[in-house]
Amino acid sequence: MNHDSMQHFSSGAWTLVLAYAVSVIGSLIGLSCMARARREPGRGAKVLWTVLGAFAIGGIAIWLMHFIAMLGFDIPGATIKYSAPLTALSAVVAVVVVGVGLSLVTLVKFTKMRLIIAGVLAGVGVAGMHYLGMSAIRFKGEINYEPSLVALSVVIAIAAATAAFWFTLVVKTTTATVVAGLVMGVAVTGMHFTGMAAVRVVSDATLAAPQGTTVFNLVFPVFVISGLVVGALLWMLFTSASSMGEPETAR
């Protein structure tokens, strides 16, 4: 067995730029949904906007960002495939854990302790999705991790996610929401690349050829679908915000 070298930007720096941009867009929409959920008087509407926020943050800002970044991951001389079931499961984990975290600040009375718990859950969701997504990799070898960098990646995710939630909940301005989205983007991409720095690859030529799908085949259809989802969520946010802001007609 041999320790292999890796490339994290084999397709160029554009994978980092695109991954961060997608993460920020998903975070901005998700945090806006979260703020909208807190303003809604009815519980049904609160739940709806919380679920939409979980999909935006968990599905787009976290899951899609991860696999866009993985377009640049390469082990020279090795064929890399991904397990589709594990990849799908990682998306479910991200959405569900983030959804639980969001619900603590959108569906119940706000407290500092609940904010901290929500940030911890969101950060754990980021990290859990990342390492579960990494377990979906198939190649002739195995992946090991540097424990200290794994721990650091989780701390980064939790700290930045908590800060993003705090910005959204406490500082109620458009600028604060944008800052929160940028911070959340840092949480996700920072956690991802810190986690990738912890990776140690060991090849084993005696193993069978990997089975699965390529990362491009995973990302491309989801990227297209996510574009449609983002457009729909933006339309819902803007139209609903406009209707809420309209003055009542004088009688």
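The values are calculated or read from the model by the stated rules, or taken from the named source; none is laboratory data. The model shown is predicted, which means the values in this text are computed figures rather than measured ones. When we count neighbours, we look across all protein chains shown, and the Cβ atoms used for this are built from the backbone with ideal geometry, even at glycine. Ligands, DNA and RNA are excluded from the accessible area calculation, which covers all protein heavy atoms including side chains. Shrake-Rupley method; radii C 1.70, N 1.55, O 1.52, S 1.80 Å.
Here are some notes:
- Taken over the stretch 1-16, the criterion of being part of a helix (DSSP H, G or I) and free of Cβ contacts under 8 Å to residues at least 12 places away in the same chain is satisfied by W14 alone.
- When residues in the stretch 172-185 are screened for being open to solvent by 10 Å² or more (accessible area, probe 1.4 Å) and part of a helix (DSSP H, G or I), 7 of them pass.
- When the stretch 77-104 is filtered for residues that are among the hydrophobic types (A, V, I, L, M, F, W, C), farther than 30 Å from R39 by Cβ and part of a helix (DSSP H, G or I), the ones remaining, listed by number, are A84, L86, A88, L89.
- For the stretch 128-151, filtering for residues that are in a helix (DSSP H, G or I) and crowded, with 22+ Cβ neighbours inside 10 Å leaves 3.
- In the stretch 191-204, residue most open to solvent (accessible area, probe 1.4 Å) [restricted to those that are part of a helix (DSSP H, G or I) and not small (G, A, S)]: F193
- Listed conditions (1) of a type in the set (V, I, T); (2) modelled with pLDDT of 85 or more; (3) open to solvent by less than 30 Å² (accessible area, probe 1.4 Å); (4) within 13 Å of the chain's Cα centre (by Cα) are all met by I158, apart from (3).
- Pairs are defined by a Cβ separation below 7 Å, a sequence spacing of at least 6 or placement on different chains, a first member in the stretch 157-176 that is in contact (Cβ under 8 Å) with a residue 12 or more places away in the chain, and a second member that is of a type in the set (S, T, Y) and crowded, with 17+ Cβ neighbours inside 10 Å; the pairs so defined are A164/S27; T168/T177.
- Residue identified as in contact with a helix residue (DSSP H, G or I) (Cβ under 8 Å, 6 or more places away or on another chain), within 20 Å of Q7 (Cβ to Cβ), at pLDDT below 90 and part of a helix (DSSP H, G or I) among F216, F223: F216
- Pairing residues of the stretch 99-121 that are closer than 11 Å to T168 by Cβ with residues that are open to solvent by 60 Å² or more (accessible area, probe 1.4 Å) and in a helix (DSSP H, G or I), at Cβ distances under 7 Å and at least 6 apart in sequence or on separate chains, gives V105/R114; T106/R38; L115/W166.
- The stretch 105-118, residues that are in a helix (DSSP H, G or I), under 26 Å from P41 (Cβ atoms), modelled with pLDDT of 85 or more and in contact with a Ser or Thr (Cβ under 9 Å, 6 or more places away or on another chain): T106, L115, A118
- Options G59, G44; residue that is surrounded by 20 or more Cβ atoms within 10 Å (Cβ to Cβ) and part of a helix (DSSP H, G or I): G59
- Given (1) more than 22 Å from V17 (Cβ to Cβ); (2) open to solvent by less than 40 Å² (accessible area, probe 1.4 Å); (3) under 19 Å from the mean Cα position of the chain (by Cα), index of the condition V188 fails: (1)
- Whichever residue in the stretch 17-41 is of a type in the set (V, I, T) and touching a residue at least 24 places away in the same chain (Cβ under 8 Å) and, among such residues, is most open to solvent (accessible area, probe 1.4 Å): I25
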